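Shown next, in structure tokens, is the structure this report addresses.
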Amino acid sequence: MRRILLDTRSSPYISPIMTHLFPHQYSQFALVFAIALTLTISASAQSKIEGTYNSKTKKFEATNTAYSFGDFRGAFATFRLNDKRGIIDTTGKVIVPMKYDEIEPFMDGVARVEIFGDYPTHYGYIDEQGNEVLPVIYTDADDWFYRSMRFSDLIVVGIDQKYGCFDKKGKKVLPLEYGGIGNYSSGLATIYKDGKMGCINKEGKIVIPIIYDRVSDFGFETTTVQKDGKWGIINKAGEVVLPIIYEAEIRFSGELAITKLNGKFGAITKTGTILIPFQFESLAYFREGLAHAILNGKHGFINEKGETIIPFEYDWAGNFNQGFVNVKKDNLWGHLNLEGKITTPLEYEQTGDFNRGVANVKKNGKSGRINTTGKIVLPCKYDGINGSFSDGRMIVSINFPEGRKKGFVDEAGNEVIPCIYYDVKAFTGGKANVQKEKDGKWIFIDLNGKEVNP
């Protein structure tokens, strides 16, 4: 190990005032400073650190305990002294001297390094021999995670928000003149320049010209693009597969995509064949075999052939759930089934979705429940319904002049415990905590409402 001799009397780092006012303390400080600086400079210059590699802990155990070591990842580990990091191998050989503030793990033979210095942090890359394949001059650079997500050997770096690509040897592939470079999808990555988008392949060659307003990630062979406000589809060779004439993004679900043409919605195949005519103000994707659509301001449903299954006569409609849908007509609500048959009469102020065969409804300002045949299973007399059962009991509430009070109903809709409590907790283990008097004490009741011990 090369030794560095330091004359502390002429050190520029120690104030002469200290030597005059505190001669004893100065001597001690100077000695410590000299030792630390000697260790740092020596370690930076040396080629090997004495010690042994512990294969069980994956740590290097140095003879000099002043060093700190990271875990080995493969054949290499970081080591540091006084906040500067380097890299050693399992024999203690110094691969990279301690001159970086951060060193990431190697991936595909290169690792990102950082030097803090003045803001911003600067980045570069080194190889496994310790050579800087890219100098530490970049203000942005792919970290380990982003490199793993790119699925490419290219390294993306940037200065002042201008980005380019290099290969792992440091050869420039794309100059630093792009506004962004995306991740790879099916072998192509989007690039941005002057507000336009295109694509490069894994070698960094521009294969989709930078002429589009938007380019989505590629699927197996194609992607949607937008140009001059219109949408179409191109393949990996940049050839137009579907003409760029549509007014909404084309998103396929199976063999069908809903889009917009001449101000109306319809559906096309992957070859552009029209499956559903472009005549609707709105068209949703299919759920349970039917698609919700709006025609001339009215709601209805069509099948995949475009045939009307539920006529366009409703003022509002939801989406099918468990074979039923909420609809509104003349300001009254009900339910329809998949055949368009009315299962819940259109006589309610509000209806909810079915869950486990029942749905909440509201009539004359009061809430209740119905089943899928439209039969009332909980009368519309409550101002609140908790929504779920616990121990076969569900919390309900009624508003009284003195305030809202709560009780319980069973799964058959019977009010087994009247609404006489100011507050209640759900049943658990056959007991519920209730408060009979406002701001009064809490007691326990059983499933029949009888007071019991806790």
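Taking all Cα pairs closer than 8 Å and separated by 6 or more residues, the relative contact order of segment 383-454 comes to 20 percent. Using only alpha-carbon positions in segment 203-270, the gyration tensor eigenvalues give semi-axes of 22, 14, 8 Å once each is multiplied by 5 and square-rooted (largest first). The per residue volume of the convex hull around the alpha-carbon atoms of segment 114-272 is 123 Å³. When both segment 90-141 and segment 386-434 are represented by their alpha-carbon centers, they are found 66 Å apart.
Please grab the % of Cα pairs in segment 310-362 that end up more than 17 Å from each other. The answer is 22 percent, as a whole percent.
For segment 267-341, the pair-distance distribution built from all alpha carbon pairs, in bins 10 Å wide starting at 0, is 20, 54, 22, 4, 0 percent.
Legend: translational diffusion of segment 383-454 by Stokes-Einstein, Rh = Kirkwood radius over C-alpha pairs, 20 °C, 1.002 mPa s; D = 178 µm²/s.
Counted over segment 241-307 with a bin width of 10 Å, the fraction of Cα pairs per bin, in whole percents, is 22, 60, 18, 1.
Ranking of V434, V358 by neighbouring Cβ atoms within 10 Å, starting from the fewest: V358, V434. Over all projection directions, the Cα-based convex hull of segment 64-203 averages an area of 9.0 nm². In the chain, the convex hull through the Cα atoms has an average projected area of 39.6 nm², a quarter of its surface area. For the residue pairs K171/K236; K270/K328; K84/K168, the C-alpha atoms sit more than 28 angstrom apart in K270/K328. From the largest down, segment 152-231 spans 40, 28, 15 angstrom on the principal axes of its Cα atoms. Measuring max minus min along each principal axis, the C-alpha atoms of segment 134-197 give extents of 29, 26, 20 Å (largest first).
Sequence-distant contacts, meaning Cα pairs under 8 Å at least 6 residues apart, place the relative contact order of the chain at 4 percent.
Computed over the alpha carbons of segment 246-376, Rg followed by Dmax gives 16.2, 53 Å.
Of the residues H122, L174, N364, the one whose Cα sits farthest toward the positive end of the charge dipole of the chain, with +1 on the Cβ of Lys and Arg and -1 on the Cβ of Asp and Glu, is N364.
For the pair segment 274-299 / segment 150-197, the C-alpha centres are spaced 41 Å from each other.
To the nearest ten degrees, helix 23-45 and the longest principal axis of the Cα atoms of the chain are 80 degrees apart. Start at zero, step by 5 Å, and the Cα-Cα distances of segment 314-454 spread as 2, 10, 19, 18, 15, 12, 10, 7, 5, 2, 0 percent across the bins. Among V325, L188, F79, pick out the residue whose Cα is farthest towards the positive end of the charge dipole of the chain, where Lys and Arg carry +1 and Asp and Glu carry -1 on C-beta, about the Cα centre. Final value for the positive-end residue is F79.
Using the Cβ-Cβ distance between Q350 and K441 with R0 set to 25 Å, the FRET efficiency from 1/(1 + (r/R0)^6) comes to roughly 0.10.
Read-outs throughout are calculated quantities, based only on the coordinates presented, and are distinct from any laboratory measurement. Just so it is clear, the structure is predicted and the values come from calculations on it, not from any experiment. We place every Cβ from the backbone using ideal geometry, glycine too, and count neighbours over all the protein chains shown.
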